[in-house]
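The structure appears below as structure tokens.
The values are calculated or read from the model by the stated rules, or taken from the named source; none is laboratory data. Here the structure is a predicted model, which is why all the values come from computation and not from measurement. When we count neighbours, we look across all protein chains shown, and the Cβ atoms used for this are built from the backbone with ideal geometry, even at glycine. Keep in mind that these areas ignore ligands, DNA and RNA; they rest on the heavy atoms of the full protein, side chains included. Shrake-Rupley method; radii C 1.70, N 1.55, O 1.52, S 1.80 Å.
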Amino acid sequence: MGSESLTEEKKVAFNRTHMAIEAERVLQQIKDDFPDNPDAMNYFYDRYEQLYCEGNSPFEAENVIGTLCVQVPEELIYAAGGTPVRMCNGFYANDQAGAEFMPAKSCSLVKATLGMLNDRSTLPFADKVKDIVLPATCDQKRKAGEMIREMGYEVYDLEVPPVKESEAARLYWRRSIRDFAVALQKITGKKISKNRLKEAMAKVAAAQKAYRKLHSLRAENPALILGKDAFMVTNAYFFDNIEDWTDVVNQLNEELEQRKKENFSAAQRRAPRILFTGSPAIFPNLKLPILIEQSGGVIVADENCSSNRMLHDMVAVDEWDTENMVASIADNYLKPCTCPIFTHNDDRKRKLVSMAREFAADGVVYQAFSGCQVYQMEYSSIAKALQAEGIPMLFVESDYSPDDMGQLSTRIEAFIESLKAKRRRRR
Amino acid sequence: MNYFAGIDIGSTAIKVALIDEEKNVIASKVTSTGSHFRKNSIEALHGLVAENGLDIDNLAYMVSTGYGRKLLKEAHESVSEITANAIGALEAGWEHGEISTIINIGGQDTKAIQIDGYGTVTNFAMNDKCAAGTGKFLDVTARNLEVDLEELGEYHFNLKAAPLPINSTCVVFAESEIIGLLADGHGREEIIAGIHYSIAKRTIRLAKRIGLDGLVCFDGGPALNKGLVASMEDELGKKIVVPEFPQLTTAIGASVLAYEAYLDEQEIT
């Protein structure tokens, strides 16, 4: 027994070292391979360094509640005195560690998340996480819940309807959210009062406002900030103190406003503008965004659940009584959600086309993790919708492994070159 | 007189093409990549220049492409092999008409590229990281069957019966499948033709993702294999254009881009 647990410890220590190396390497790329990073970004770079390279908890927090998808209403968690932390993981070392739980052809994100939860390797608040909320989204996430439970976590299954347009779905989801609110109070031992809920909503809304400002600044031409930095900002929202995060995003926005006045360009002035969509970019698996920007493109917007889908849509309340507030929160986490698990994806098509227009995108890069069925299956209908609008799209199937970098760089470069050539001819 | 170089550093071979100001190919060379491909690229270039009595000082612009493109610091710039291939195929195939789709099989990649009349890439598809159905596959087959790579085409056409179905697409598993077929007493001809059809099927399926309208050009080293070309035509159901030097198309494309970049620079200064 003794020697067995020692090997286990050794394995975990090994993984941790691999992860620190992985995090360090990507951080270095993000910081040093690009000139003129905004000053406010240093705060975010440091956050990752502290958490993943030094293994420190992000901040002092109580009642840490892990969340596994974008459909978990944070307002309710904050109102119940909890701290939501998004657990979706981007480490290749965790992907390898998690491979033992999943079939061979499955999603890197789910594997990495399982790997992380199992060895608590890059788990933020590693010593504090006990409860995990798992929305019943895709099959792989759903079934992962059983394994997470076996690892010793308390898993709350948040039921999600498979369609979102119908009245039945809305009622089903509202009820699911009400049940969740009741359960949360039991977990934290604190009541969700009207005032606490109001405060929590204001806190989340302030963060969203800051994000939306950043989002709209990215529509500027020339680009004021690179997409790799925008992903670093939204990824930090997974684990950072929400108020600190909001403050620094506001500082960043001011810095970008200043850049705008100075007619500063974060990329080459004629860099093709890219809209990024599909399987989420999560640190340190930012290989595609980094490759795009190293190849002379600039990501000006994204439609990702690690970023835009997580922060863009704000709760709209009609009546400020608890019941209506909870119902409004529920609606906001279902109606605008463009997650591909829902059977109709007209919303996602519309959103991508309108974002491409609004952000003057020259092309779309669609990332699908190998083994992620929903994004892979949605690809052809999205491709058709974009094609009908004359928007070129590059579909890239990849995973967390770094061994396809050579191939990917050829593809990304060829895509960027074709966008440049297309624009040259238009002129 | 100035001339322009395109160097295509692939996983298996280095291809160098030199063109003059009329875009005529004045010299070209194919050598094996080896492990020191930067050194080998420079040697290939200098060798080619010397063999043709040219002066290296008249080399006005050089563009690198292929897997090793970024490591060749001597080049003025690099471009992805997809862009270079498109330009090269348009140049190489013009006498047959306007190429609209290129199928390229390299040492470790298969690509299908759709281009417009200017050689601009409008769409493309590429195999994922697996090297199934690429040049490497033919390489391994030839080795297993103890046949020279150059002889594969001949064996293909010597076949009187039907080609065998080869089911494995993975190089490693195909190897054991071939050994099994040999053990069962099957001849080399039927195995070789079977492999050609298996590669062709896989390649055409990839190319269908971007459509296969208009004139189709097939290039890259494996396009030298006439048996494979015939299988591709059968699978596609129409004639395919193969450039005279299919291995060199991408290098020629890079040299044309070098020439154009040189002209742009002249305009600016």
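Give A:E397, A:E417 a once-over and let me know the one that is more than 24 Å from B:D116 (Cα to Cα) and out of contact with any Leu (no Cβ under 7 Å at 6 or more places or on another chain).
None of the others qualify; the one that does is A:E397.
Taking the options A:R411, A:R423, name whichever one is surrounded by fewer than 18 Cβ atoms within 10 Å (Cβ to Cβ) and of a type outside the set (S, T, Y). Before the answer, list the steps.
Working: A:R411 fails: surrounded by fewer than 18 Cβ atoms within 10 Å (Cβ to Cβ).
Only one candidate qualifies: A:R423.
Which one is surrounded by the fewest Cβ atoms within 10 Å (Cβ to Cβ) among residues in the range B:233-268 that are farther than 19 Å from B:V216 by Cβ and not aliphatic (A, V, I, L, M)? Explain how you work it out, then say what you get.
Taking the range B:233-268 as the starting set, the residues that turn out to be farther than 19 Å from B:V216 by Cβ are B:251, B:254-268.
Still in the running and not aliphatic (A, V, I, L, M): B:255, B:259-260, B:262, B:264-267.
Working: B:S255: 34, B:Y259: 23, B:E260: 15, B:Y262: 18, B:D264: 10, B:E265: 12, B:Q266: 9, B:E267: 7.
Selected residue: B:E267.
For B:A131, state whether it is closer than 20 Å to B:V171 by Cα and small (G, A, S). Don't jump to the end; show me each part of the working.
Values: closer than 20 Å to B:V171 by Cα: yes; small (G, A, S): yes.
Here the answer is yes, as B:A131 does meet what is asked.
Can you name every residue in the range B:67-90 that is farther than 20 Å from A:M405 by Cα, open to solvent by 10 Å² or more (accessible area, probe 1.4 Å) and small (G, A, S)?
Listed by number, the list holds a single entry, B:A75.
Would you say A:V70 is β-branched (V, I, T), on the phi < 0 side of the Ramachandran plot and modelled with pLDDT of 95 or more? If you could, list the steps in order and put the result at the bottom.
Working: β-branched (V, I, T): yes; on the phi < 0 side of the Ramachandran plot: yes; modelled with pLDDT of 95 or more: yes.
Criteria met by A:V70.
Which residue out of B:N158, B:N144, B:N167 is more than 20 Å from the chain's Cα centre (by Cα), closer than 29 Å to A:F395 by Cβ and away from chain A (no Cβ under 13 Å)?
Working: B:N158 fails: closer than 29 Å to A:F395 by Cβ; B:N144 fails: closer than 29 Å to A:F395 by Cβ.
So the residue among B:N158, B:N144, B:N167 that is more than 20 Å from the chain's Cα centre (by Cα), closer than 29 Å to A:F395 by Cβ and away from chain A (no Cβ under 13 Å) is B:N167.
Tell me, please, whether a residue that is surrounded by fewer than 17 Cβ atoms within 10 Å (Cβ to Cβ) and in a helix (DSSP H, G or I) can be found in the range A:220-241. Before the answer, list the steps.
At the first step, the residues of the range A:220-241 found to be surrounded by fewer than 17 Cβ atoms within 10 Å (Cβ to Cβ) are A:221, A:241.
This time we only want the ones that are in a helix (DSSP H, G or I), so: none.
Within the range A:220-241 (the criterion being surrounded by fewer than 17 Cβ atoms within 10 Å (Cβ to Cβ) and in a helix (DSSP H, G or I)), the answer is no, since none of the residues qualifies.
Okay, residues lined up against (1) of a type outside the set (S, T, Y); (2) modelled with pLDDT of 95 or more; (3) open to solvent by 20 Å² or more (accessible area, probe 1.4 Å):
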residue: B:T65; (1), (2), (3): no, yes, no
residue: B:A92; (1), (2), (3): yes, no, yes
residue: B:H96; (1), (2), (3): yes, no, yes
residue: B:S100; (1), (2), (3): no, no, yes
residue: B:D109; (1), (2), (3): yes, no, no
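May I ask you to list the residues in the range B:236-264 that are farther than 18 Å from B:S100 by Cβ and free of Cβ contacts under 8 Å to residues at least 60 places away in the same chain?
The answer is B:E260, B:L263, B:D264.
Which numbered condition in (1) within 12 Å of chain A (Cβ to nearest Cβ); (2) surrounded by fewer than 20 Cβ atoms within 10 Å (Cβ to Cβ); (3) of a type in the set (G, A, S) is the only one that B:G185 fails?
Against the list (1) within 12 Å of chain A (Cβ to nearest Cβ); (2) surrounded by fewer than 20 Cβ atoms within 10 Å (Cβ to Cβ); (3) of a type in the set (G, A, S), B:G185 comes up short only on (1).
Scanning the range A:147-184 for residues that are of a type in the set (S, T, Y) and more than 25 Å from the chain's Cα centre (by Cα), which turns out modelled with the lowest pLDDT? Steps first, answer last, please.
Step one: list which residues in the range A:147-184 are of a type in the set (S, T, Y), which gives A:153, A:156, A:166, A:172, A:176.
Retained after the next criterion (residues that are more than 25 Å from the chain's Cα centre (by Cα)): A:166, A:172.
On the way: A:S166: 93, A:Y172: 97.
Only one residue tops the list, namely A:S166.
Scan the range A:242-256 for residues that are charged (D, E, K, R) and open to solvent by less than 60 Å² (accessible area, probe 1.4 Å) and jot them down.
Within the range A:242-256, just A:E255 meets the criteria.
Check A:E4 against each of (1) at pLDDT below 90; (2) within 26 Å of A:I132 (Cα to Cα); (3) open to solvent by 70 Å² or more (accessible area, probe 1.4 Å) and name the one condition it does not meet.
With respect to (1) at pLDDT below 90; (2) within 26 Å of A:I132 (Cα to Cα); (3) open to solvent by 70 Å² or more (accessible area, probe 1.4 Å), A:E4 is out only on (2).
So is A:E358 in contact (Cβ under 8 Å) with a residue 12 or more places away in the chain, within 14 Å of B:A125 (Cα to Cα) and open to solvent by 50 Å² or more (accessible area, probe 1.4 Å) or not? Steps first, please.
Working: in contact (Cβ under 8 Å) with a residue 12 or more places away in the chain: yes; within 14 Å of B:A125 (Cα to Cα): no; open to solvent by 50 Å² or more (accessible area, probe 1.4 Å): yes.
No: the conditions fail for A:E358.
Of all residues in the range B:146-167, how many are in contact with a helix residue (DSSP H, G or I) (Cβ under 6 Å, 6 or more places away or on another chain) and either free of Cβ contacts under 8 Å to residues at least 24 places away in the same chain or assigned to a helix (DSSP H, G or I) (or both)?
Residues in the range B:146-167 being in contact with a helix residue (DSSP H, G or I) (Cβ under 6 Å, 6 or more places away or on another chain) and either free of Cβ contacts under 8 Å to residues at least 24 places away in the same chain or assigned to a helix (DSSP H, G or I) (or both): 6 in total.
What residue, among those in the range B:1-44 that are among the charged types (D, E, K, R) and open to solvent by 50 Å² or more (accessible area, probe 1.4 Å), is nearest to B:E265 (Cα to Cα)? Steps first, answer last, please.
Kept after step one, since they are among the charged types (D, E, K, R), are these residues of the range B:1-44: B:8, B:15, B:20-23, B:29, B:38-39, B:43.
Narrowing further to those that are open to solvent by 50 Å² or more (accessible area, probe 1.4 Å): B:21-23, B:38-39, B:43.
On the way: B:E21: 15, B:E22: 17, B:K23: 17, B:R38: 26, B:K39: 28, B:E43: 27 Å.
The residue in question is B:E21.
Hey, could you check the range A:270-301 for residues that are polar (S, T, N, Q) and within 15 Å of A:I30 (Cα to Cα) and say which is surrounded by the fewest Cβ atoms within 10 Å (Cβ to Cβ)? Outline the logic, then answer.
If we filter the range A:270-301 for residues that are polar (S, T, N, Q), which is where we start, we get A:277, A:279, A:285, A:294-295.
Pick out the ones that are also within 15 Å of A:I30 (Cα to Cα) and you get A:285, A:294-295.
Numbers: A:N285: 29, A:Q294: 16, A:S295: 21.
Top of the filtered list is A:Q294.
For the list (1) among the small types (G, A, S); (2) under 18 Å from the mean Cα position of the chain (by Cα); (3) over 27 Å from B:V242 (Cβ atoms), I need the number of the one condition that B:A183 fails.
(2)
In contact with a strand residue (DSSP E or B) (Cβ under 9 Å, 6 or more places away or on another chain), in a loop (DSSP other than H, G, I, E, B) and either open to solvent by less than 20 Å² (accessible area, probe 1.4 Å) or within 20 Å of A:F34 (Cβ to Cβ) (or both): does that describe A:A267? Don't jump to the end; show me each part of the working.
Values: in contact with a strand residue (DSSP E or B) (Cβ under 9 Å, 6 or more places away or on another chain): yes; in a loop (DSSP other than H, G, I, E, B): yes; either open to solvent by less than 20 Å² (accessible area, probe 1.4 Å) or within 20 Å of A:F34 (Cβ to Cβ) (or both): yes.
The answer is yes for A:A267.
Of the numbered conditions (1) modelled with pLDDT of 95 or more; (2) of a type outside the set (F, W, Y); (3) in contact with an Asp or Glu (Cβ under 8 Å, 6 or more places away or on another chain); (4) open to solvent by 10 Å² or more (accessible area, probe 1.4 Å), A:A79 satisfies every one except a single condition; which is it?
(4)
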